[in-house]
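Colleague: This is the structure, below, for whatever I ask next.
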Amino acid sequence: MTNQEYIDEIERMKREKNAIILGHYYQTGDIQDLADFTGDSLALAQKAEQNDADIILFAGVKFMAETAKILAPRKKVLLPDMNAGCSLADSCKEEDFKKFIKDNPGRTVITYVNTTAEIKALSDICCTSSNSIQIVNSLPEEEKIIFAPDRNLGNHVINNTGRDIVVWNGSCHVHEEFSLEAILNLKDKNPQAKVIVHPECELPVRMIADFIGSTTALIKFTRKDNGNCYIVATEPGVIHQMKKKNPEKEYIPAPPKDSTCGCSECNFMKMITIEKIYNCLKNEKPEIFIDKNIIKEARKPIKRMIEISNKLGL
Ligand code: SF4
């Protein structure tokens with residue numbers, strides 16, 4: 001079958017099965033265009049909760065599909081490839097995190113949504129890169145916090161809130177791979193370019209940024225800013241949305257440290273393909289299953305995040 005034939009069949013099955021596709025900004029452009037709704041982790045979690053579909057097919061990675069299942073436990077949630085994991089979520093294992101909480105008693109546990117369902121079940125509030133600073137600021141000033149699993153986002157939150165926060169030492173292999181030297185070289189060649197950076201990047205890269213923000217914030221920035229050229233330090237899938245909104249501007253993906261690979265794509269995100277989406281929707285598997293008790297506990301911190309975000313209009 002051709003790509004277009006797969007797409008036509010997926011559209012037909014979506015109508016027949018009352019299914020929707022939620023697609024993350026780090027998916028390939030054709031999948032983002034096929035999705036009923038495209039967004040970052042926060043927007044996709046909000047959308048998973050508010051829709052009338054019987055089936056949610058998640059074009060993203062496993063922790064995102066799990067979040068959808070936790071928020072909509074009666075729906076069938078499908079993930080086209082169960083190997084689509086996340087190095088950041090993998091850097092925080094349940095037993096180690098339980099010990100970390102025990103070693104740092106009396107702290108509110110805030111975890112980034114890039115965690116397994118079991119880690120969410122140990123948390124008080126979840127956050128995403130879109131709302132982490134606001135979630136922390138919504139707590140009383142004297143409240144002490146554990147932040148996990150991303151050390152770079154955690155340090156970014158400390159710098160912007162001044163709160164007493166203990167940070168778990170995890171990271172995302174994609175966002176830690178950007179080369180400061182290569183970005184500075186690019187900037188020399190394109191002095192008009194603005195460097196826009198995701199907060200999961202390391203401090204030296206954040207320090208040279210003209211703007212730091214979540215994927216959604218970066219897209220909005222390029223839309224509203226009066227510049228015409230950007231060096232983009234996050235997964236290059238977002239450039240698809242930037243180009244759609246402002247095709248006349250130039251977007252240069254920030255290069256990784258490993259010069260043998262010219263791109264900084266997330267290998268997990270890119271495991272999802274149009275053909276796998278077709279097979280997944282046709283066979284209604286692989287399907288996400290989570291223990292009922294884990295769903296009950298993991299739901300609380302996600303709901304708290306959504307409530308705070310909705311209240312703040314995020
Ligand atoms: S880009 Fe990083 S944080 Fe996002 S899914 Fe890939 S490995 Fe995980």
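Colleague: Which condition does residue 133 not pass, out of (1) part of a helix (DSSP H, G or I); (2) closer than 24 Å to residue 280 by Cα; (3) more than 15 Å from the ligand (Cβ to nearest atom); (4) in contact with a helix residue (DSSP H, G or I) (Cβ under 6 Å, 6 or more places away or on another chain), if it passes all the others?
Modeller: Here residue 133 clears every test but (2).
Colleague: Test of understanding: among 126, 92, which residue is more than 14 Å from the ligand (Cβ to nearest atom), in contact with a Pro (Cβ under 6 Å, 6 or more places away or on another chain) and under 26 Å from residue 174 (Cα atoms)?
Modeller: Details: 92 fails: more than 14 Å from the ligand (Cβ to nearest atom).
When all the criteria are applied, what remains is 126.
Colleague: Another question about this same structure. Quick check: is even one residue across region 303-314 surrounded by 20 or more Cβ atoms within 10 Å (Cβ to Cβ), at pLDDT below 95, touching a Leu at 6+ places or on another chain (Cβ under 7 Å) and not acidic (Asp, Glu)?
Modeller: There is at least one residue in region 303-314 that is surrounded by 20 or more Cβ atoms within 10 Å (Cβ to Cβ), at pLDDT below 95, touching a Leu at 6+ places or on another chain (Cβ under 7 Å) and not acidic (Asp, Glu).
Colleague: With the requirement that a residue be assigned to a strand (DSSP E or B) and either away from the ligand (no atom under 15 Å from the Cβ) or under 11 Å from the mean Cα position of the chain (by Cα) (or both), what does region 42-89 give you?
Modeller: Matches in region 42-89: 55, 56, 57, 76, 77, 78.
Colleague: Based on what the data block shows, is residue 276 among the charged types (D, E, K, R), at pLDDT below 95 and more than 16 Å from the ligand (Cβ to nearest atom)?
Modeller: no
Colleague: Can you tell me which of (1) in contact (Cβ under 8 Å) with a residue 12 or more places away in the chain; (2) over 15 Å from the mean Cα position of the chain (by Cα); (3) assigned to a helix (DSSP H, G or I) is the one residue 139 doesn't meet?
Modeller: (3)
Colleague: When region 92-113 is examined, which residues are found to be modelled with pLDDT of 95 or more and either assigned to a loop (DSSP other than H, G, I, E, B) or small (Gly, Ala, Ser) (or both)? First the steps, then the outcome.
Modeller: In the first step, residues of region 92-113 are kept if they are modelled with pLDDT of 95 or more; the result is 92-111.
Listed by number, the residues that qualify are 92, 93, 104, 105, 106, 107.
Colleague: How many of the residues making up region 6-25 are open to solvent by 20 Å² or more (accessible area, probe 1.4 Å) and either within 16 Å of residue 273 (Cβ to Cβ) or outside any strand (DSSP E or B) (or both)?
Modeller: So the count comes out to 11.
The values are calculated or read from the model by the stated rules, or taken from the named source; none is laboratory data. Every value quoted in this text rests on a predicted model; they were computed, and no experiment measured them. FYI the Cβ positions are ideal-geometry reconstructions off the backbone, even for glycines, and counts take in every protein chain you see. Accessible surface is based on the protein model in full, side chains and every heavy atom, while ligands, DNA and RNA are left aside. Shrake-Rupley method; radii C 1.70, N 1.55, O 1.52, S 1.80 Å.
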